[in-house]
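Taking it in order: structure first as structure tokens, then the write-up.
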Amino acid sequence: MNPAAPTVYRVPRMPWQRTGEPPAALLRIVMFAIAVIPLVKPRLPGNSGPADFFMVTATIAVFVWIAAEGRAIFAPFAGATAVLMTAGAISGLVADRAGPTLLVMLQEAHLLLFTAAIATVARTPRAIEEIRSAWVAAGVFWGALVVAAVASGFAPLINATTDRGTRAHLFFQNPNITGNYFLIAIFVAVASRPKSWPRRSAAVAVMLAAMLLTGSNAAILGLAAGAVVAVFVYAWRRIDPIVAVVVLSAILVAGAGSYVAMGESFRRAPESENLLIRYSIGRLERSAANRQDLFSEQMALYRERGILGIGPFATRDELGRSGESGVRSSHNDYLATLVERGPIGVAGLLLLAGAIGYRIARGHAGVVKPEWRKAAGTGAAMTGVAVALALSALTHEILHYRHLWALLGLIAAVHRWSHQDAKGGAP
């Protein structure tokens with residue numbers, strides 16, 4: 001050995017560099033950010049909340065890790081979101097709403113980057129399963145908190161007024177967002193394939209109870225429709241197409257029969273002594289009439305203001321000027337995109353919907369390794385939640401829900417990394 005030769009120091013490879021797994025601490029940061037998504041109060045500047053602080057922290061942590069490793073960031077849905085943002089920027093500038101438009105652009109960039117962080121870090125079966133398990137555990141925790149709040153009449157977590165009844169809203173802005181949160185969490189739990197059916201059933205039961213206590217008709221109807229679709233897809237893929245059609249027919253006939261048999265109960269719901277029934281099912285007819293009037297007002301506004309749109313989130317301000325002071329939002333993602341961002345925005349929304357549908361449909365195709373098939377979960381549940389969300393978007397603006405974009409990150413991760421692994425590529 002030549003004593004004059006320089007000593008070479010080799011930096012030991014870290015565990016995640018040998019296995020492809022993300023660092024445990026990084027994974028926990030992302031899991032915690034997903035778990036605290038309901039913490040949107042107290043309200044902070046820019047329509048943000050405490051949850052956004054943890055989401056930004058998780059995003060930065062993932063980007064630092066990716067840069068240190070020399071890997072590429074995976075940003076799913078970036079193309080469709082860019083089209084939506086471009087349409088919003090154009091309409092906002094034309095409508096002379098530069099300030100509000102810039103705020104919306106920042107919010108959308110924030111959600112897209114958080115989705116990219118989840119999709120990038122969830123690159124192995126273990127990472128995906130741990131994120132999904134943490135999500136379900138958080139859903140059970142928040143669900144139990146809602147049930148306890150309603151049972152005890154804890155006012156900060158419920159609406160308890162004479163005109164709105166008792167509807168749990170947790171820390172979200174309104175009960176409908178809360179209901180949508182539990183709707184997604186229920187499907188995530190069903191797709192998780194936990195080892196114990198009793199544990200899965202108990203988790204779903206707690207979150208279902210919390211969802212019902214929000215009194216959100218959109219969540220209730222979305223869950224029903226999504227569940228029917230999920231059962232149909234599961235039977236089609238796992239049993240037999242004929243059996244699937246028979247099962248679907250039986251469900252539809254049973255549903256129609258139940259509706260006819262309970263018709264009188266539905267008609268009496270608005271006068272029910274049960275506040276939950278009165279301000280959920282009892283609101284259906286009144287809500288439908290209000291939505292119809294609102295949608296007509298928006299179409300008139302679109303025809304009046306021009307093809308490029310009136311600017312992101314401008315519906316409330318514009319209809320408020322015309323005397324519709326009770327309007328808080330468009331209450332329809334499809335119509336809001338057309339009215340506020342014009343045809344270019346609609347094209348972006350269609351691109352986003354197509355990208356989501358493609359990744360769900362192809363999420364299990366070509367996946368051969370057992371660990372990836374287990375991590376991918378039940379594809380039927382993801383199909384069901386997509387249908388539920390598509391229906392919810394008819395009566396609410398869900399496109400900026402934080403938990404929706406977290407779900408999109410997981411969907412994209414399953415599709416991207418399972419297929420890359422099947423082709424022999426390193427995660």
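The values are calculated or read from the model by the stated rules, or taken from the named source; none is laboratory data. Given the structure is predicted, the values throughout are model-derived calculations rather than measurements. Note that each Cβ is placed from the backbone with ideal geometry, even for glycine, and that neighbours are counted across all protein chains shown. Remember, those area values only see protein heavy atoms, side chains included, never the ligands or the DNA or RNA. Shrake-Rupley method; radii C 1.70, N 1.55, O 1.52, S 1.80 Å.
Can you tell me which residues in the range 139-159 are assigned to a helix (DSSP H, G or I) and either under 14 Å from I186 (Cα atoms) or in contact with a Ser or Thr (Cβ under 7 Å, 6 or more places away or on another chain) (or both)?
Those that are assigned to a helix (DSSP H, G or I) and either under 14 Å from I186 (Cα atoms) or in contact with a Ser or Thr (Cβ under 7 Å, 6 or more places away or on another chain) (or both): G139, V140, F141, W142, G143, A144, V150.
Considering only residues of the range 96-125 that are over 22 Å from the mean Cα position of the chain (by Cα), assigned to a helix (DSSP H, G or I) and not hydrophobic (A, V, I, L, M, F, W, C), which is nearest to W372 (Cα to Cα)?
The extreme case among them is T101.
Suppose we keep only residues that are among the aromatic types (F, W, Y) and open to solvent by less than 70 Å² (accessible area, probe 1.4 Å) within the range 53-95. Which one would you say is nearest to the chain's Cα centre (by Cα)?
Here the answer is F77.
Mind checking whether some residue in the range 128-136 is part of a helix (DSSP H, G or I), in contact (Cβ under 8 Å) with a residue 12 or more places away in the chain, over 17 Å from L407 (Cα atoms) and open to solvent by less than 10 Å² (accessible area, probe 1.4 Å)? Give the derivation first.
Going residue by residue through the range 128-136, those that are part of a helix (DSSP H, G or I) are 128-136.
Next, from what is left, pick out any that are in contact (Cβ under 8 Å) with a residue 12 or more places away in the chain: 128-136.
Filter once more, so that each one left must be over 17 Å from L407 (Cα atoms): none.
Within the range 128-136 (the criterion being part of a helix (DSSP H, G or I), in contact (Cβ under 8 Å) with a residue 12 or more places away in the chain, over 17 Å from L407 (Cα atoms) and open to solvent by less than 10 Å² (accessible area, probe 1.4 Å)), the answer is no, since none of the residues qualifies.
Return the residues of the range 43-52 that are within 21 Å of the chain's Cα centre (by Cα) and more than 20 Å from F182 (Cα to Cα); say none if nothing qualifies.
R43, G46, N47, S48
If D293 meets every condition in (1) assigned to a helix (DSSP H, G or I); (2) farther than 30 Å from M382 by Cβ; (3) open to solvent by 60 Å² or more (accessible area, probe 1.4 Å); (4) at pLDDT 80 or above apart from one, which number is that one?
Condition not satisfied by D293: (4).
I'd like the full set of residues that are among the β-branched types (V, I, T) and touching a Phe, Trp or Tyr at 6+ places or on another chain (Cβ under 9 Å), limited to the range 217-255.
Start the filter on the range 217-255 by keeping residues that are among the β-branched types (V, I, T), which leaves 220, 228-229, 231, 233, 239, 242-243, 245-247, 251, 253.
Within the range 217-255, V243, V245, V247, I251 qualify.
Quick one: count up the residues across the range 219-240 that are open to solvent by 30 Å² or more (accessible area, probe 1.4 Å), among the β-branched types (V, I, T) and farther than 20 Å from M207 by Cβ.
1
Within the bounds of the range 190-205, is there any residue that is small (G, A, S) and not in a helix (DSSP H, G or I)?
Yes: one or more hits.
Hand me the list of helices (runs of 4 or more DSSP H) wholly inside the range 306-415 holding 2 or more residues that are surrounded by fewer than 23 Cβ atoms within 10 Å (Cβ to Cβ) and at pLDDT 90 or above.
In the range 306-415, 333-361, 379-392 are the helices (runs of 4 or more DSSP H) which contain 2 or more residues that are surrounded by fewer than 23 Cβ atoms within 10 Å (Cβ to Cβ) and at pLDDT 90 or above.
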